[in-house]
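Just below is one structure, and these are the notes that go with it.
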Amino acid sequence: MPSIEKDKNITVQSLLKKFPNEILYLGDISSNKIFSPSWNRAGLELASNSPLSCFTFIRSIIFWGTDECFFLNLLGSNAKRTKAIERVFKLCPPLIILCDGFNYASLVTEIAAKYKTTVVSSKFNSHQLYFSLSGWINEQLANYQTIHGTAVYMNGVGILIQGDSGIGKSEIALQLLKRGAVFVADDAVDITNINSQLLAKPNQIAKTFMEVRGIGIINVARMFGVLKIRKQCIIDIVINLSKVEKLSQKYFERVGQKQTFITLSNVNIPFYNIPVTIGRDISDMIEAVVGDFKLKQEGYNSANEFIQHVKQIQSKK
C-alpha cells in the first residue's frame, strides 16, 4: 500500500463522534484515516475480480445497505459471500458502515476481526447517512486559503468585509454585533469552495479573537457570549470598504441595476464597494446592503423599479 500520510485526512475516531452508531468491531480508530470525501459502495470489488476494478486500496468510507445485501443474497452461500466481502477488506478501507437494511452484520464482523478494520452499524439508511455526514467530511478535507478580512453573519446572510488595513473593519464588526450580527472571524479568514459555495471560518491562530485599534486584542466569545459566535458560515456577499475624502473623487455605483461579482476560490460572490468618509455610519450601510441582497434573492430589484418609474413619468410628458 503506497504512503499517503502527507495527504489531508481525518481519523475514523473523529468521524465516529459525529453520528450515532454501534461498534461491531473496533480497529485502530486513531491511526485509521480517511483521505477522500467520496463514499464508496465498493460494487466492482464486491461483485468479482473483474479487471475493471483497478483499486489497490480504498481511501474513503465504505457503506453497505439494501443494494449490497440483495447482491449477497444472490450468491447463495456463506462461502461465496465471505469471498466477496474479503475482496473489499483486502483493499484496506479505513471504515465500513453497515446501514439500515443490511442483514449480514455478523458475517462482516467476523471477517473484520481478521483484517483489523473497524466496522459499525447505523440505524440510518444509506441516503440519510450520506446527507448527515458528507458535508462535514468535505469541510474537514477541503483545502483552505487564508485571506485578509472580517466575516460576520447577519439576518441569515454571511458577510465578508474587506478593505485596506486600518480602515476600521473590526470596529464596524463590533457595531454590527450590537445590531444582532454574529461573529465568525477577524483579520485572518480561512475560505474554501464547498459545493460551489464559499465557506469561511476563523484561522486557527485568530479563532474568536479580534484586534480593535486603541484597545488591543479582545476575545469576542468572552465579551459577548458564545451565542455571538459561529464556527463557520457560507459567505453570501463581499463588501469592500474604500477610504475617500469626497465621494465625487472616486466612482461608486449610483443606481445598482446590475449586480457586480467577485470571484474567490472559484465562487462568484455578489460584491459591494462602500465608500468610507468622515461621519458616515458604515454599519448602517452594511445593514442596507444585506436588505438589498435579500430583496434581490427574492427577485426584486429597487433600481429596476426606479428606472421603470422614471420612464413612466417621462412618457407622460
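Compute the semi-axes of the equivalent ellipsoid of the stretch 115-171, taking the square root of 5 times each eigenvalue of the Cα gyration tensor, and list them largest first in whole Å.
Numbers: eigenvalues 317, 51, 12 Å².
Largest first, the stretch 115-171 gives 40, 16, 8 Å.
From the convex hull of the Cα coordinates of the stretch 60-209, what is the mean projected area in square nanometres?
Details: hull surface 48.5 nm².
Computed as one quarter of the Cα hull surface, the answer is 12.1 nm².
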How far apart, in nm, are two points set 7 Å out from the Cα along the Cα-to-Cβ line at Val276 and at Arg41?
-> 5.3
Determine ³J(HN,Hα), in whole Hz, for all residues of the stretch 157-162 in sequence, where each value follows from phi through the Karplus function 6.51 cos²θ - 1.76 cosθ + 1.60 and θ = phi - 60°; x replaces Gly and Pro.
-> 10, x, 10, 10, 9, 10
One quarter of the C-alpha convex hull surface, i.e. the mean projected area of the stretch 83-136 in nm², amounts to 4.0
Computed ³J(HN,Hα) along the stretch 172-183: with the Karplus parameters 6.51/-1.76/1.60, θ = phi - 60°, integer Hz and x for glycine or proline, the list is 5, 4, 4, 5, 5, 4, 5, 9, x, 6, 10, 7
Sorted by chain and number, the residues with a modelled amide H under 5 Å from that of Gly163, at a separation of 5 or more or across chains, are Leu241
Which percent of the accessible area of the stretch 160-302 is formed by carbon and sulfur heavy atoms (probe 1.4 angstrom)?
-> 50
Size of the stretch 148-235 along its principal axes in angstrom, Cα-based, largest extent first?
-> 40, 27, 22
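Given the pairs Lys90/Lys116; Lys33/Lys90; Lys228/Lys294, which span a C-alpha to C-alpha distance of over 18 angstrom in this model?
Working: Lys90/Lys116 11 Å; Lys33/Lys90 16 Å; Lys228/Lys294 22 Å.
The answer is Lys228/Lys294.
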Mean 1/r over all different Cα pairs, inverted: what Kirkwood radius does the stretch 55-94 give, in Å?
-> 11.0
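Leaving ligands and nucleic acids out of the surface, order Arg41, Arg213, Arg222 by accessible area at 1.4 Å, largest first. Each step should come with its number before you reach the end.
Values: Arg41 70, Arg213 135, Arg222 205 Å².
Per-residue accessible area, sorted high to low, gives Arg222, Arg213, Arg41.
Whenever you get a sec, compute what percent of the accessible area on the stretch 60-124 sits on carbon and sulfur atoms (1.4 Å probe). Display every interim value, and only then the final one.
On the way: 1550 of 2860 Å².
Of all accessible area on the stretch 60-124, carbon and sulfur atoms account for 54 percent.
The values are calculated or read from the model by the stated rules, or taken from the named source; none is laboratory data. No experiment lies behind these values; they were computed from the predicted model shown. Counting neighbours? That spans all protein chains shown, and the Cβs are built from the backbone with ideal geometry, glycine included. Accessible surface is based on the protein model in full, side chains and every heavy atom, while ligands, DNA and RNA are left aside. Shrake-Rupley method; radii C 1.70, N 1.55, O 1.52, S 1.80 Å.
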